1. Note down the nm distance, to one decimal, between modelled labels 7 Å out along Cα→Cβ at Y126 and at E201.
2. Mind checking the range 75-116 for trypsin sites (Lys or Arg not before Pro) that DSSP puts in a loop (not H, G, I, E or B) and that have at most 15 other Cβ atoms within 10 Å?
3. How far apart, in nm, are the 7 Å Cα→Cβ label points at V355 and Q88?
4. With the alpha-carbon atoms as the only input, what is the per residue convex hull volume for the chain in Å³?
5. In percent, what relative contact order does the range 278-367 have, based on Cα pairs under 8 Å that are 6 or more apart in sequence?
6. Would you mind checking the pairs K78/K221; K20/K70; K284/K312; K111/K283; K87/K304; K20/K339 and listing those with alpha carbons more than 32 angstrom apart?
7. From largest to smallest, what semi-axes in whole angstrom does the range 210-322 give when each is the square root of 5 times an eigenvalue of its alpha carbon gyration tensor?
8. To the nearest 0.05, how large is the calculated FRET efficiency for D135 and K238 if R₀ is 45 Å and r is the Cβ-Cβ distance?
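Only the coordinates and a few stated rules stand behind these numbers; no lab work does. Every value quoted in this text rests on a predicted model; they were computed, and no experiment measured them. Quick reminder, even Gly has a Cβ in these numbers, built from the backbone with ideal geometry, and neighbours come from all protein chains shown.
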Amino acid sequence: MTDPKSDQKIDPRQRHALKKFVKEIESCRGRHTELVTVYIPSGYDINKVNQQLAQEQGTAENIKSTSTRKNVVDALEKMKQHLRLFKQTPPNGLAAFSGNVAEREGVSDVKVWSLEPPVPIKIRIYRCDKAFVLDPLKDLLESKSVYGLLVMDRRDATLALLKGKTIIPLTTTHSHVPGKTRAGGQSSVRFARLREGAKIEHYKKVAEYLKEQFLPMPDLKGIIIGGPSTTTMDFLNKDYITGDLKKKIIAVKDLGYTGDFGLQELVDKSEDVLAEEEIAEEKKVMQKFFHMLATQEDKVSYGKDQVMHLVKQGVVEAVLLSEALDDATIEEFEAEADKMGTTVNLISVETREGVQLREMGKVAAILRYEYHQ
């Protein structure tokens, strides 16, 4: 839906605004095919779209149902009037929607919405249907940055995806490598051979899972592997994995854990690799807040009312807002912050730090200077 060569990012505030816009109109339903959707691609002549709408208006006059005909013609007229407000198509294109959204039949309440997407769109759509076409906008909300994760030791291995800020577990495998204590009667040589054989089978199985899960993913940005360094080096320095897979490995981290906790530790230790990703930026600002809370208590604050008071005073350098807040509260903070040149950070609840923010009142702030509250 967007230019595949474009590497533009949608920042959290743009993402929130887009999500709110989609939420506002996706519940609208027409009684018949009478809701009009128009997508105008970046660089396209908006006057040509208005000409098409005029032609569609003429065609709509042939609709047999009087109420449906009126609703379609009125929606198209409202759309034409709205598009005339634009001298040219906005740089990123335009998505526009119009239709009668009255809940009672026979009542007319024709509304129109439009949005310049946060990144350029390359799709042109005209649709008249029972619902607005929102998939192209929803597609923009999907994170395009996907990494493969593997945490492993000699006994266990877990594969997962890191998509945006979310860790998505894929599969887990457990080896039959015996413990270090051998059963009575076994020679040390035979026991060592059993352990080595079980370890090799475990590594082969992990390599097969890596191949099955990650090689078919064309958009995978890379694979990050974590575990005890002796294990990961042993695994990677042999011929368990193919050259195609080795090319995708972008980092190897020394970890003390496997499983879910190991996956979180791997993401934490991979901030250098994920420096351009939202998850790293989000965790960094939250970790700064928690560090200052422990060491410079008078330079931070939390709690909705207290932080809002400080924002209005111009004391706040950065306000941290949980995405768990309602839209009205987020917009109120954004409006006041913009007046004071305060940075707004929207924090998801998909990281450990984000959950902590939600549990401590959903609003926090890093101050410009010490403020004794």
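1. Distance between label points: 6.6 nm.
2. Passing both the DSSP loop test and the Cβ count: R84, K87, R104.
3. 5.1
4. 198
5. 42 percent.
6. In this structure, K78/K221; K111/K283; K87/K304 lie more than 32 Å apart at Cα.
7. 40, 16, 10
8. The pair D135/K238 has a calculated efficiency of 0.50.
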